[in-house]
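Colleague: Structure provided below as structure tokens; questions to follow.
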């Protein structure tokens, strides 16, 4: 799957979660309905295991929880937005406002790094993050991501 297709198929939501665990569960639940996710329990368990190693809160209000596991057939992406912010034990100790959860097959390691790099490139753009946070709806957030993906 190419990056643009992944963005088109991604799910964008306003998170109801008040903490990191709830946010992760909420995004896994959204992705569990994707046919590329064969085992949502394994997906959730692996997301939590990955998060125990080191927080995926990378700073600048962004978290990138991710897994590469056999029960994911192809890339899946869900992006959650939190206006109030979530304590993610981020590297900069600041709350997270955007959580981009990525799932991939364990056979997609090379492609996975490219996808992660493109997402990071998008999300480190301060103006882009501001537009996303000011968007009136998750559908509008999706349009911003699609526009940015078409430019890169």
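Colleague: Can you sort 21, 26 from fewest to most other Cβ atoms within 10 Å of each residue's own Cβ? Working shown, then result.
Modeller: Numbers: 21 12, 26 17.
So the residues, fewest neighbours to most, are 21, 26.
Colleague: Something else: How large is the Kirkwood hydrodynamic radius of segment 1-41, in angstrom, based on all distinct alpha carbon pairs?
Modeller: About 11.4 Å for segment 1-41.
Colleague: Give, as ranges by residue number, the residues of segment 123-150 whose backbone N falls under 17 Å from the point 7 Å along Cα→Cβ of residue 14.
Modeller: Hits in segment 123-150 for residue 14 at 17 Å: 130-144.
Colleague: Counting other C-beta atoms within 10 Å, which of 130, 45 has the fewest, and how do the rest follow?
Modeller: Details: 130 10, 45 14.
Ordered by Cβ neighbours within 10 Å, fewest first: 130, 45.
Colleague: Cα centroids of segment 35-52 and segment 91-105: how far apart, whole angstrom?
Modeller: 15 Å
Colleague: Then there is this: For Rg and Dmax of the Cα atoms in Å, which listed value, [x] 14.0, 37; [y] 14.6, 39; [z] 22.0, 72, comes from the coordinates shown?
Modeller: Among [x] 14.0, 37; [y] 14.6, 39; [z] 22.0, 72, the one derived from this structure is [x].
Quick note: the coordinates plus some simple rules give every number you see, no bench work behind them. Just so it is clear, the model here is predicted, and its values are computed rather than measured. Using ideal geometry, Cβ is built from the backbone for each residue, glycine included, and neighbour counts are taken over all protein chains shown.
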